[in-house]
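A short reminder: the numbers here are calculations on the coordinates, not readings from a lab. Note that this is a predicted model, so its numbers are computed, not measured. Ideal geometry is used to build each Cβ from the backbone, glycine not excepted, and the neighbour counts take in all protein chains shown.
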Amino acid sequence: MISKELMSLSDMAQELGVASEAVQGWHRSAPDDPERSSTPLSALEAVAAAMQIAVPEAESKEPQYPRDVFVAYCKAVGYMDEVGNQAVGFMDDAGNVVPPEQIDHVKVGRYLPVSPTIEPGPEQRFRYYVNHVSEFTGLPIETVQRYARCERTELSFPAPDGLDEAGRPFWFLQTFSMSLSDMAEELGVLRQTVQKWHRAPKAGRARPTTPESALKAVAAAMKMAVPEADREQPRYPRAVFVAYCKAVGYMDEDENLVPELQARIQQKKRGRWRPVHPTIEPGPQGRRRYYINHASEVTGLSENSLRVWATPGVQESGERSFPAPDGLDEMDRPYWFLETLGGYKTRRKRSERMLPAEPKNADDAGGSAEGASSDDA
């Protein structure tokens with residue numbers, strides 16, 4: 001129910017303990033400045049419009065607004081929390097909480113809300129600012145600020161969902177979570193493909209690195225909660241989706257879609273595939289995963305040989321000391337870390353130095369064949 005109580009600009013200033021010229025700024029029409037807002041209305045009128053509340057007294061000599069509009073404005077920009085209590089203050093650029101009495105309220109847009117604010121209107125979604133986005137994505141505030149200014153639009157980091165009534169960029173939480181359909185659409189694959197990443201592997205299937213679903217395993221490696229993953233319409237944080245794509249080869253380290261894979265998707269090629277470049281392990285270490293094709297380049301062994309050495313059980317035979325894969329990725333493909341392959345190269349070079357010199361009249365062809373069998377055994 002809408003409150004019929006009206007408040008003058010002086011009433012608002014007095015209740016919040018701010019200078020009257022600050023509230024005058026909320027009442028005046030927004031300046032023609034893209035950094036401020038896309039609405040030609042004043043901040044208070046824009047809130048009233050979002051709430052579908054008429055403000056006939058706003059244009060009078062002594063302007064007045066319904067109290068509900070004032071409260072919604074305060075919740076939207078960070079003066080009040082979701083239950084209507086005054087907030088503890090705002091955040092400065094250094095991440096320090098500044099109490100209300102030390103805030104320059106005329107320039108409140110220079111500060112950040114301590115907690116997410118509430119969008120005015122029927123949906124009342126929470127607005128997340130650069131400090132909140134930095135916290136749950138793990139990115140530095142400076143990086144998020146660059147994204148907020150769309151300075152790196154070639155990357156897949158989402159643009160802000162809007163500017164608030166004080167001109168500050170914000171995002172909705174849903175922007176940072178994705179449905180299975182969202183993921184499929186961004187990659188250009190079928191939704192059934194993404195569903196496989198969401199489902200746990202079938203009973204008895206050997207996937208030692210991911211006993212749960214591939215997406216949940218990535219989230220666990222990143223120590224990120226996925227509270228929406230088990231809902232009827234599952235959603236995952238965008239950061240988990242990006243980390244998964246980097247881990248299996250859909251995205252490169254800059255979060256760009258890998259063109260070679262996109263061509264494969266467009267041509268509707270089926271069957272197993274290997275990433276063109278080493279991928280990035282999800283989690284804090286972010287090590288590179290080298291697949292059979294990459295390991296072949298590093299060690300000089302043929303891909304067929306490496307495929308044999310990646311087969312479970314071969315290592316136990318004791319016939320050769322080539323290192324077992326460091327793990328299976330989220331698509332059950334074996335991989336090695338570079339230090340594992342590097343250690344093998346060192347041992348191999350040492351053993352080659354210890355071999356006796358070949359006779360001067362050694363058959364070149366035979367020597368080449370022996371070298372090949374040594375690599376491919």
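For this structure, a couple of remarks:
- Between the stretch 71-94 and the stretch 222-285, the C-alpha centres lie 37 angstrom from each other.
- In this structure, the pairs whose alpha-carbon distance is over 30 Å, taken from 4/75; 4/61; 107/223; 75/216; 246/268, are 107/223; 75/216.
- With R₀ set to 22 Å, the beta-carbon distance separating residue 191 from residue 324 gives a calculated FRET efficiency near 0.05.
- Rg over Rh [alpha-carbon atoms, Kirkwood Rh] for the stretch 6-167: 0.97
- Counted residue by residue at 0.36 nm each, then reduced by the alpha carbon distance between them, the extension gain from residue 6 to residue 260 reaches 85.2 nm.
- Shape analysis of the stretch 179-272 yields a ratio of the Cα radius of gyration to the Kirkwood radius, Rg/Rh, of 0.95.
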